[in-house]
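Report on the following structure.
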Amino acid sequence: GMVSYTVLRDAPDGHAHLATAFDANGVHWAAKVISVGALAGLTTVVIVLMLGQTRVLFARSRDGLLPRRLAVSGSHGTPVRITLIVGVLVAIAASVFPMGRLEEMVNIGTLFAFVLVSAGVIVLRRTRPDLPRGFRVPWVPVLPIAAILACLWLML
């Protein structure tokens, strides 16, 4: 049956989540499966974010926007120096900042990237209409402006 929000709010760890609702209904095996799934999902997200960050920094250093010494890759073609730097910085941030703040920073950073992409669509559509497009954005500038406003609202 339904679980009252007050039961979920008073969860042992202070945070209500789906596994808490299953626990409250006595379906403990499902709560454990959900918790393992959430852990696997969060781990995957962190790995993908770190991988993406290393690739972006590698491309920037290769293009000269960061020191070119960082663009050195290992024997398998991986950006070893940047990977180590990103790993150390993430480890330091994870040990210094509270988890809630880190979650907010990652979310705000991702939303800000969406704002930049949406603004870039408007700018490139006006300044470089001759560029070949991999995809078309409908209703420019209305849709990109709506995306920018939605992201800014979520950031606030």
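The values are calculated or read from the model by the stated rules, or taken from the named source; none is laboratory data. None of these values were measured; they are calculated from a predicted model. Note that each Cβ is placed from the backbone with ideal geometry, even for glycine, and that neighbours are counted across all protein chains shown. Only protein heavy atoms, including side chains, enter the accessible area calculation; ligands, DNA and RNA are left aside. Shrake-Rupley method; radii C 1.70, N 1.55, O 1.52, S 1.80 Å.
How much area per residue is accessible in the chain when the probe is 1.4 Å and only protein heavy atoms are counted (Å²)?
Per-residue accessible area for the chain comes out at 75 Å².
Taking only Cα atoms, what is the 0 to 90° angle, nearest 10, from helix 80-96's long axis to the longest principal axis of the chain? Helix 80-96 sits roughly 40 degrees off the main axis of the chain. For the pair Leu42 and His17, label points projected 7 Å from Cα toward Cβ lie 0.5 nm apart. Of the trypsin sites (Lys or Arg not before Pro) found in region 51-156, those in coil by DSSP whose Cβ has at most 16 other Cβ atoms within 10 Å are Arg133, Arg136. How far, in degrees from 0 to 90, does helix 99-127 lean away from the longest principal axis of the Cα atoms of the chain, to the nearest 10? In the chain, helix 99-127 runs at an angle near 40 degrees to the longest axis. Can you match Rg/Rh (Cα atoms, Kirkwood Rh) to one of these, (i) 1.09; (ii) 0.98; (iii) 1.56, based on a calculation from the structure here? Recomputing Rg/Rh (Cα atoms, Kirkwood Rh) here picks out (i).
Relative contact order, whole percent, for the chain stands at 12, derived from Cα pairs under 8 Å and 6 or more residues apart.
What's the extension gain from Ser4 to Glu103 if we count 0.36 nm per residue and subtract their Cα-Cα distance?
Working: separation 99, 0.36 × 99 = 35.64 nm, distance 2.66 nm.
The Ser4-Glu103 span can extend by a further 33.0 nm.
Taking the 1.4 Å solvent-accessible surface of the chain as the whole, the part contributed by carbon and sulfur is 72%.
Averaging Cα coordinates gives a centre for region 13-60 and one for region 64-91; these two points are 27 Å apart.
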